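Report on the following structure.
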């Protein structure tokens, strides 16, 4: 009977600890991306696509993608910088 009792206690402890472990261990790691390289978009004849991959700038504006961000940055004389990917 004592073996059965200790087995139940061990299962109970595992059942309490597993949710804490599983939430942190199976969570996806945040995606790391390098800031936009505006040298790639320095060609004045560059036409930006309408791809939606938002970029937030230090001027608190959201740009549709890296190309539109870099285009506006060059037009404004580099007065703002990259803040983060996503909507501001």
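The values are calculated or read from the model by the stated rules, or taken from the named source; none is laboratory data. None of these values were measured; they are calculated from a predicted model. All Cβ positions, glycine included, derive from the backbone under ideal geometry; neighbour counts span all protein chains shown.
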request  = Name the residue, out of 73, 39, 50, that is at pLDDT 80 or above and part of a loop (DSSP other than H, G, I, E, B).
outcome  = 50
ask   = Within segment 56-70, how many residues are part of a helix (DSSP H, G or I) and either in contact (Cβ under 8 Å) with a residue 60 or more places away in the chain or touching a helix residue (DSSP H, G or I) at 6+ places or on another chain (Cβ under 6 Å) (or both)?
value = 2
Among (1) assigned to a loop (DSSP other than H, G, I, E, B); (2) at pLDDT below 90 - the single one residue 23 does not satisfy = (1)
